[in-house]
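What follows draws every value from the coordinates through simple rules; no lab data is involved. For clarity, every value in this text was computed on a predicted model and none was experimentally measured. In this analysis, Cβ positions are derived from the backbone assuming ideal geometry, glycine residues included, and neighbour counts consider all displayed protein chains.
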């Protein structure tokens, strides 16, 4: 049995892969998760469903990173100004992209900035500078990389390449 770790993160299943959203408290993880859910409702993404908000369990399994909600927080999303909301959630998803909020993002990222490793699994990474709106960047990535948001396809590792 693989060991899972609990991290301070949110996750949203977009198509067949989850977007794992990391960042310090107050950086906008829940806001980005809500934005991805709303983008799917508006038809900008094919599908989106909440996996985890605030705390997530991650686990390496068969060369993939799985993400699950922390049980006391399953199906719950904090909406600033409205409080905690109950949503339909996914019990587990495979991570396909990591978004790091309030990060070391550069205007023209260096090679390697578009990759990270969690539990020994290498994943595409999108760093977002503090104060920058992350939703347009994430949508641009998902909408401009062929197959990135289609079901059954991995996000290609092109983040940060020139």
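Structural remarks
- Value of D in µm² per second that Stokes-Einstein yields for the range 5-144, Kirkwood Rh from Cα pairs, at 37 °C (0.692 mPa s): 221
- Note on the range 5-144: antiparallel DSSP beta bridges, both residues inside, total approximately 75 percent of the bridges counted.
- Ranked by the mean number of other Cβ atoms within 10 Å per residue, highest first, peptides 46-53, 4-11, 93-100, 135-142 order as 93-100, 46-53, 4-11, 135-142.
- Distance (nanometres) between label positions extended 7 Å along Cα→Cβ at residue 4 and residue 25: 2.4
- Inverting the pair-averaged 1/r between distinct Cα atoms of the range 2-84 gives 13.0 Å as its Kirkwood hydrodynamic radius.
- Spherically averaged projected area in nm², based on the convex hull that wraps the Cα atoms of the range 38-98: 5.0
- Per-residue extension of 0.36 nm, minus the Cα-Cα distance of residue 144 and residue 117, leaves a gain of 7.4 nm for this segment.
- Estimated inter-spin distance, residue 42 and residue 129, nm [label 7 Å along Cα→Cβ]: 2.3
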